[in-house]
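The values are calculated or read from the model by the stated rules, or taken from the named source; none is laboratory data. This structure is a prediction, so every number in the text was calculated from the model and none was measured. Cβ placement follows ideal geometry from the backbone for every residue including glycine, while neighbour counts extend to all protein chains displayed.
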Amino acid sequence: MINELQRLTKEGDLSYYNYRTIIDMINYVLKHLAAKHDNILEGVSAVMGGTVLEHEAKTIYNAGISEGRLEGRLEGRLEGRLEGSVKALYNNAGFSITDIAKMLGISEEEVITVLDKQE
């Protein structure tokens, strides 16, 4: 079974996250079944019956989602401030596209893109 999971992961048919999740769940079930020989049916029912289990892969995945959301919010805020600066420098201060690009460390194309949004 492990070999098949590894093959599917290597071929791209199974993500590494799902591979780790399956391995973690197999280990979880085996651990609990081996410890409770008298209650195998109950153990399988409890583990497989929808109990929410926290495992390493899920923890890592959720942390990645949280970090990605934070980065996205920060990028959005920075982009908004950059757009505001470009518009103010062009409309209010009268700087040229070339001067704005040099001052802000961006390309002239990026300045033009921002200015095109305001029209």
- Query: Quick check, is ASN3 surrounded by fewer than 10 Cβ atoms within 10 Å (Cβ to Cβ), polar (S, T, N, Q) and at pLDDT 90 or above?
  - Reply: no
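Here is a yes/no grid of residues against (1) touching a Pro at 6+ places or on another chain (Cβ under 6 Å); (2) modelled with pLDDT under 90; (3) not in a helix (DSSP H, G or I):
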site: THR59; (1), (2), (3): no, yes, no
site: GLY68; (1), (2), (3): no, no, no
site: GLU75; (1), (2), (3): no, no, no
site: ILE100; (1), (2), (3): no, no, no
site: GLU109; (1), (2), (3): no, no, no
site: GLU119; (1), (2), (3): no, yes, yes
